[in-house]
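Since the structure comes first, as structure tokens, the remarks are kept for the end.
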Amino acid sequence: MALRNIVTEGDTILEKKCHTVVKFDDKLATLLDDMAETLSLAGGVGLAAPQVGILRRVVVININDELIELINPTIVEQSGEQEGSEGCLSCPGQWGIVVRPLNVTVKAQDRKGKVFTKSGTELLARCFCHELDHLDGVIFKERAKRMLNDQELEELYS
Ligand code: ZN
């Protein structure tokens, strides 16, 4: 496994729409392993392939030590609403208030190409939405009701 460089805001790759994965090969497996390692070191909960400079529909999520790999994910069901603060590894030090569905079910493929569905609530639901947005070139800031101010950020980090 190897660490990948996380691209930050301003890099136009983050604004592009990612391509569907058609080959479930060793190269994909390596990308997934690298992304998981990069995510873990960065201390985040989710990472999308464009954030490491790869325009493919690939996402890794790690919440409560459960690693979820999503290839070509789509949201098939969503309900409810949650409002809360959200950040992004590509926008260090910036947080915004974003409204997301409370419950989200995604349909995706695993690293072998097998189709599965996975449901999440609260943080996982938020993470599904945030990471899938990345695959369409959308950064959370575009969805934020407002960004947190300096005082709120101080409280968040204290
Ligand atoms: Zn992000």
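The values are calculated or read from the model by the stated rules, or taken from the named source; none is laboratory data. Since the structure is predicted, the reported quantities are computational estimates derived from the model, not experimental observations. Virtual Cβ from ideal backbone geometry, glycine too; neighbours counted across all protein chains shown. Ligands, DNA and RNA are excluded from the accessible area calculation, which covers all protein heavy atoms including side chains. Shrake-Rupley method; radii C 1.70, N 1.55, O 1.52, S 1.80 Å.
General observations
- Across the stretch 33-76, the number of residues qualifying as in a strand (DSSP E or B), over 19 Å from GLU9 (Cβ atoms), in contact with a Leu (Cβ under 7 Å, 6 or more places away or on another chain) and of a type outside the set (Val, Ile, Thr) comes to 3.
- Filter pass, SER90 being assigned to a strand (DSSP E or B), under 25 Å from VAL7 (Cα atoms) and polar (S, T, N, Q): no
- Helices (runs of 4 or more DSSP H) within the stretch 117-158 that include 2 or more residues within 18 Å of LEU67 (Cα to Cα): 122-135
- Restricting GLU83, GLU122, GLU131 to those that are within 15 Å of the chain's Cα centre (by Cα), open to solvent by 20 Å² or more (accessible area, probe 1.4 Å) and acidic (Asp, Glu) reduces the list to GLU122.
- Matching residues, the stretch 14-42, being open to solvent by 30 Å² or more (accessible area, probe 1.4 Å), among the hydrophobic types (A, V, I, L, M, F, W, C) and under 18 Å from SER90 (Cα atoms): LEU41, ALA42
- Pairs where the first residue, in the stretch 63-78, is touching a residue at least 40 places away in the same chain (Cβ under 8 Å) and the second is of a type in the set (D, E, K, R) and outside any strand (DSSP E or B), C-beta under 6 Å, 6+ apart: GLU69/ARG111; ASN72/ARG57
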